[in-house]
1. Can you pull out every residue in region A:1-24 that is away from every other protein chain (no Cβ under 12 Å), out of contact with any Phe, Trp or Tyr (no Cβ under 8 Å at 6 or more places or on another chain) and modelled with pLDDT of 95 or more?
2. If only one of B:Val50, B:Val55, B:Val112 is surrounded by 14 or more Cβ atoms within 10 Å (Cβ to Cβ) and more than 11 Å from chain A (Cβ to nearest Cβ), which one is it?
3. Filter region A:38-67 down to residues that are small (Gly, Ala, Ser) and within 12 Å of chain B (Cβ to nearest Cβ) and give me whichever is surrounded by the most Cβ atoms within 10 Å (Cβ to Cβ).
4. Could you go through region A:57-69 and let me know if any residue there is under 21 Å from A:Phe96 (Cβ atoms), free of Cβ contacts under 8 Å to residues at least 40 places away in the same chain and out of contact with any Asp or Glu (no Cβ under 6 Å at 6 or more places or on another chain).
5. Tell me the residue from B:Gly92, B:Gly82 that is surrounded by fewer than 16 Cβ atoms within 10 Å (Cβ to Cβ) and within 30 Å of A:Thr108 (Cβ to Cβ), please.
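The values are calculated or read from the model by the stated rules, or taken from the named source; none is laboratory data. The structure displayed is predicted, hence computed values, not measured ones. Methodologically, a virtual Cβ is constructed for each residue, glycine included, from the backbone with ideal geometry; neighbour enumeration extends over all protein chains shown.
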Amino acid sequence: DAGVIQSPRHEVTEMGQEVTLRCKPISGHNSLFWYRQTMMRGLELLIYFNNNVPIDDSGMPEDRFSAKMPNASFSTLKIQPSEPRDSAVYFCASRFQGNQPQHFGDGTRLSIL
Amino acid sequence: TQLLEQSPQFLSIQEGENLTVYCNSSSVFSSLQWYRQEPGEGPVLLVTVVTGGEVKKLKRLTFQFGDARKDSSLHITAAQPGDTGLYLCAGGGGLTDSWGKLQFGAGTQVVVTP
C-alpha cells in the first residue's frame, strides 16, 4: 500500500518567494497533520484537519503560513513570503480515526536562503 | 514549551549493551506512543501503550507506561547497530484535547556502534 506521499522532497529558494508543500494522505484516512521539525524545537504540530476541515491551527507560526485541504486526498501548506527561519523539515501525517497511529511521509526539507 | 521531556538527549553505546530512554510529563495522557526516526525519513510507530502500568515487548524492545499515565520508558536489550535512530515519545488524548492530537517529546538520539 502507498504511504503518505509528500512533494517535493527538497526545496531550496530565496527569501521572499512563495513555497508550496504538498501531501497525499493514505487513502481512507480522515485526519491529516502538518508538522515542522528543527534541531532547536523538535517536532511541532502546525495544523491538523479532520474530514478535510481544519480543527486546530494554533501551531501555525504566523499569517505567512496557510494550509488547505480541498479534498480527502490532497493538502497543501503554503508559506508566503518565506524567510530563512522557516528552514526546516516539514512532515505530513495521516490517520484513520480517533487514537489510531499516525503515518508519516518522508518529509520536505526546506531551505530558505 | 515541550510537555514531554525525554532523557537523555543523546546516547552512544556499543553493540550488545543495554539502554533505557525516558519520557516524562506533568500531564496525563490517554495513550503514549513511541516512534523511531531514521535520517531522511519520517517517524515510524513502534508501539502504543494505553493502560497505566502496561508493559509491551517488541523483540528486544520493552515499553512501559507509568501507573499514573504521565511517564514512559523504552528499554533495549543487547542493542544492535540497526537500533540506531531518533526515538520520539508522543502523548495523545491529553485532558484538554478530544481529537487525539499528539504532543511529541524532543527525542533521544541513539547511536549503537559495532
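1. Taking region A:1-24 and keeping what is away from every other protein chain (no Cβ under 12 Å), we get A:1-2, A:7-8, A:11-22, A:24.
Among the residues that remain, those that are also out of contact with any Phe, Trp or Tyr (no Cβ under 8 Å at 6 or more places or on another chain) are: A:1-2, A:7-8, A:11-20.
The answer is A:Ser7, A:Pro8, A:Glu11, A:Val12, A:Thr13, A:Glu14, A:Met15, A:Gly16, A:Gln17, A:Glu18, A:Val19, A:Thr20.
2. Working: B:Val50 fails: more than 11 Å from chain A (Cβ to nearest Cβ); B:Val55 fails: surrounded by 14 or more Cβ atoms within 10 Å (Cβ to Cβ).
After ruling out the rest, the residue left standing is B:Val112.
3. Kept after step one, since they are small (Gly, Ala, Ser), are these residues of region A:38-67: A:42, A:58-59, A:66-67.
If we keep only those that are within 12 Å of chain B (Cβ to nearest Cβ) as well, we get A:42, A:58-59.
On the way: A:Gly42: 18, A:Ser58: 8, A:Gly59: 16.
Among those residues, the one meeting the criterion is A:Gly42.
4. Among the residues of region A:57-69, at least one is under 21 Å from A:Phe96 (Cβ atoms), free of Cβ contacts under 8 Å to residues at least 40 places away in the same chain and out of contact with any Asp or Glu (no Cβ under 6 Å at 6 or more places or on another chain), which makes the answer yes.
5. On the way: B:Gly92 fails: surrounded by fewer than 16 Cβ atoms within 10 Å (Cβ to Cβ).
B:Gly82 is the lone residue from the list that is surrounded by fewer than 16 Cβ atoms within 10 Å (Cβ to Cβ) and within 30 Å of A:Thr108 (Cβ to Cβ).
One line per residue, one yes/no per condition, for (1) in contact with a Leu (Cβ under 7 Å, 6 or more places away or on another chain); (2) at positive phi; (3) in a loop (DSSP other than H, G, I, E, B):
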{"position": "B:Phe29", "(1), (2), (3)": "no, no, yes"}
{"position": "B:Arg36", "(1), (2), (3)": "yes, no, no"}
{"position": "B:Gly40", "(1), (2), (3)": "no, yes, yes"}
{"position": "B:Thr48", "(1), (2), (3)": "no, no, no"}
{"position": "B:Asp67", "(1), (2), (3)": "no, no, yes"}
{"position": "B:Leu74", "(1), (2), (3)": "yes, no, no"}
{"position": "B:Ala90", "(1), (2), (3)": "yes, no, no"}
